[in-house]
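As structure tokens, the structure follows; a few thoughts come after it.
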Amino acid sequence: MKRIRTKNVFFLALIALFYISCGSHPKNGDAGFRPLFDGKTLEGWMGNKTAYKVEDGMIVVDPNGGGSGGNLFTKEEFGNFVLRFEFQLTPGGNNGLGIHAPLEGDAAYLGKEIQILDNTAEKYAELQPYQYHGSVYGLIPAKRGFLKPVGAWNEEEVRVAGQKITVILNGTTILDGDFMEASKNGTLDGKDHPGLLRNSGHIGFLGHGDVVRFRNIRLKELSS
């Protein structure tokens, strides 16, 4: 058997160290983020754990699990933050992202709800602008036309800083607004939104009877 020269061993060690070093750094600008979902369990979450299941590294909403899918909330409460996640819609899929939400009641009004919706479904053709994907429900409409085809994975970032909410979908800012400014002359849906006065609460997925999948859910808290 031939001996491996010391120089070659040193070179291979440098390569290994390089790859280990690269793998230890967050990718895609994720420095400062921490996972809210470990890809294996619903540890750190509470709510309808019958309808929300873990499958192959995803949280999958099964509407047959009871309560039309129901709600799944983080155990922790958050105020100002940046949330990043990926989602996959099924035809006509409808869900919501609750922020500053309490554990009881309708998060769209007692907190705030950011729509997660298949905008292309025929049954949603006549919705109000504030009901389409990325909108702050009842308050601020989002731009349309930036969802990937149904069945593809979308990437979304939601930034909450004080009264301002920004939603970036697949690299495009589709919403950037101040919810207090937007509602100073009344809400778009004409309803009371006491959740406007909440500056912290749970983050949650709000089921509406459709299969939707989520993965790579991570968060970075911002200073107040």
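All of the numbers you see were taken from the coordinates with simple rules; none came from a lab. Here the structure is a predicted model, which means the values were calculated and not measured. Quick reminder, even Gly has a Cβ in these numbers, built from the backbone with ideal geometry, and neighbours come from all protein chains shown.
Given the condition of a type in the set (D, E) and touching a residue at least 12 places away in the same chain (Cβ under 8 Å), answer yes or no: does some residue in region 86-104 qualify? Yes, region 86-104 has at least one match. Of the listed requirements (1) over 23 Å from H193 (Cα atoms); (2) surrounded by fewer than 21 Cβ atoms within 10 Å (Cβ to Cβ); (3) among the aliphatic types (A, V, I, L, M), L89 misses just one: (2).
Scanning region 104-120 for residues that are part of a strand (DSSP E or B) and not acidic (D, E), we see that the one that is farthest from L147 (Cα to Cα) is K112. Of the strands (runs of 3 or more DSSP E) lying entirely inside region 143-186, those carrying at least 3 residues that are of a type in the set (D, E, K, R) are 153-161. Scanning region 109-145 for residues that are surrounded by fewer than 18 Cβ atoms within 10 Å (Cβ to Cβ) and of a type outside the set (A, V, I, L, M, F, W, C) gives T120, E122, K123, Y124, E126, Q128, P129, K143, R144, G145. Scanning region 154-183 for residues that are touching a residue at least 24 places away in the same chain (Cβ under 8 Å) and surrounded by fewer than 14 Cβ atoms within 10 Å (Cβ to Cβ) yields G162, T172. Selection of region 91-143 for residues being of a type in the set (D, E) and over 20 Å from T173 (Cα atoms) yields E104, D106, E122, E126.
Scanning region 147-160 for residues that are over 24 Å from D106 (Cβ atoms) and either among the basic types (K, R) or within 16 Å of the chain's Cα centre (by Cα) (or both) yields a count of 7. Listed conditions (1) farther than 21 Å from V211 by Cα; (2) in contact (Cβ under 8 Å) with a residue 24 or more places away in the chain; (3) not hydrophobic (A, V, I, L, M, F, W, C) are all met by G29, apart from (2). Go through region 193-218 and give me each residue that's closer than 22 Å to I140 by Cβ and not in a strand (DSSP E or B). Within region 193-218, H193, P194, G195, L196, L197, R198, N199, S200, H208 meet the criteria. Looking across region 88-117, the residues that are of a type in the set (D, E, K, R) and closer than 14 Å to A142 by Cβ come down to K112, E113.
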